[in-house]
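The values are calculated or read from the model by the stated rules, or taken from the named source; none is laboratory data. Because the structure is a prediction, the values reported are computed rather than measured. Cβ sites come from the backbone with ideal geometry, for glycine too, and all protein chains shown count toward neighbours.
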Protein chains: 2
Amino acid sequence: MEWDRRRRKSDDSGDGTRRGYHHGNLREALIGAALDLIASKGLSGVTFAEAARAAGVSAAAPYRHFPDRESLLAEVARRGFEHFAERLEAAWQDGRPEPVAAFNAVGRAYLAFARAEPAYYTAMFEAGLSLDDHADLRAAGDRAFAVLRGAAERLVGDLPREGRPPALMMALHVWSMSHGIAALFARADGGRRRLPMSAEDLLEAEVLIYLRGLGIAA
Amino acid sequence: MEWDRRRRKSDDSGDGTRRGYHHGNLREALIGAALDLIASKGLSGVTFAEAARAAGVSAAAPYRHFPDRESLLAEVARRGFEHFAERLEAAWQDGRPEPVAAFNAVGRAYLAFARAEPAYYTAMFEAGLSLDDHADLRAAGDRAFAVLRGAAERLVGDLPREGRPPALMMALHVWSMSHGIAALFARADGGRRRLPMSAEDLLEAEVLIYLRGLGIAA
DNA sequence: GGCGTGATGTAATAACCGTTCACATGGAGT
DNA sequence: ACTCCATGTGAACGGTTATTACATCACGCC
């Protein structure tokens, strides 16, 4: 790995603790610490000072790698969107073996990510990061959305030309459903309120009804 | 008003500035300051110290009215849900003159609230407040949701018994759509990304397609 | 192999915030 | 008039962000 070459020879124990004057991989260590802190103490628990402590460096060291605390969170969120896009792509599988089923798989993958990676999801959608201040964050988010949009285009393509809805609109609709359910009901803490069904089933039913409304049958 | 009686006679200028040793209406002043701070500096700009400064009292004074900073935000969010429920009820109008049209009005009212009251909306949905720690907050949220649920029950009631979907599920679906669109596209800053149509139109189309999928025509 | 330099980490510091505590004030009721 | 207690004050503690001058060392260059 790239960073292995940069570590000091006396610091190759692999346990992540610092050995010499230089950490050798502080940037990665801080990102990892931020993820751990989100998971254990929530967004407000993510502290430059605490992340630095976890990495075994002084409180000022993180400023060599991130201009400020928010940029650290933005980088976590950016990576979250990268992983997110990968998961969605893996679920979509270019619409194979069957577009509607693959589309439902994308929806399930959306919620699965929110559940399996609550720390990333929190940084991505709940950290209040401005997309204008972090252009690369917006780009990563766009890449994830592109999967939804591509899938929508495929589904819409099977409809007769007249009355065919815009694929972009359909993608936005499905995104809003997925995000709405994830934000309201599929949070790490089990969601903001109790449900009579799983968030996954709720979303699947919602998408199914929506697709039926578009004339796309399962 | 109630609090007027509690103000000192020398403090009835009405400009909100403190005159004597006691403020007379600090609790309300803090809530107002919190709303202003959310609007001007965002959630992280809401500071007990800053709110106290705005009210012209010392930094320790707020603790006489709220156990901690989070409780102030929770109270703001609670009031937000109260107003929210009122707006939704006003839009629904018990389903008059026509249920589907009234239902769409509820959706528009949802987004209108997110736009017109970004400070409340932020406190309600983006402050990361635990509903378990603030029972009254949950109750206020439930009251707002009850409007959606009642509307859903009305719409579902017009369907034939066989295959009639659960009203609760339908209410959750519509809530997820509304919240998803509000969170993703109708934020105060104009939303996280550009849209080819207004958030209101996007939601109206989404609900329309969804209702068609349920067999409820416009 | 020796050297300089830029990247990386440290210590010290200033400003700010949440929170607590002992104490001060004065409005309300007796 | 007097007391009570809700409300506000000032000082203090520990923690956070961020900046600055200084320390260390890995690497490339000769």
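Overview of values
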quantity: Selection within region B:150-173 - within 12 Å of another protein chain (Cβ to nearest Cβ), under 21 Å from B:ALA85 (Cα atoms) and not hydrophobic (A, V, I, L, M, F, W, C); calculated: B:HIS173
quantity: Test: B:ASP136 is of a type in the set (Asp, Glu), touching a helix residue (DSSP H, G or I) at 6+ places or on another chain (Cβ under 9 Å), assigned to a helix (DSSP H, G or I) and surrounded by fewer than 18 Cβ atoms within 10 Å (Cβ to Cβ); calculated: yes
quantity: Restricting region B:30-46 to residues that are farther than 20 Å from B:LEU137 by Cα and surrounded by 15 or more Cβ atoms within 10 Å (Cβ to Cβ), the residue that is farthest from DNA strand D (Cβ to nearest atom); calculated: B:ALA39
quantity: Options B:ALA52, B:ALA119, B:ALA105, B:ALA109: the member that is touching a residue at least 40 places away in the same chain (Cβ under 8 Å) and either buried (at least 18 other Cβ atoms within 10 Å of the Cβ) or not in a loop (DSSP other than H, G, I, E, B) (or both); calculated: B:ALA119
quantity: Boolean, B:ARG79 is within 16 Å of DNA strand D (Cβ to nearest atom), at pLDDT 95 or above, over 12 Å from B:VAL147 (Cα atoms) and surrounded by fewer than 18 Cβ atoms within 10 Å (Cβ to Cβ); calculated: no
quantity: Residue pairs meeting the criteria (Cβ under 6 Å; at least 6 apart or on separate chains; first within 14 Å of another protein chain (Cβ to nearest Cβ), in region A:61-90; second within 12 Å of DNA strand D (Cβ to nearest atom) and of a type outside the set (Lys, Arg)); calculated: A:ARG69/A:PHE48
quantity: Matching residues in region B:174-198 - criterion: being more than 9 Å from every other protein chain (Cβ to nearest Cβ) and of a type in the set (Gly, Ala, Ser); calculated: B:ALA186, B:ALA188, B:GLY190, B:GLY191, B:SER198
quantity: Failed condition for A:ARG27, given (1) outside the structural domain of A:GLU153 (by TED's automatic domain parsing); (2) within 12 Å of DNA strand D (Cβ to nearest atom); (3) in a helix (DSSP H, G or I); calculated: (2)
quantity: B:GLY128 vs. criteria within 12 Å of another protein chain (Cβ to nearest Cβ) and surrounded by fewer than 18 Cβ atoms within 10 Å (Cβ to Cβ); calculated: yes
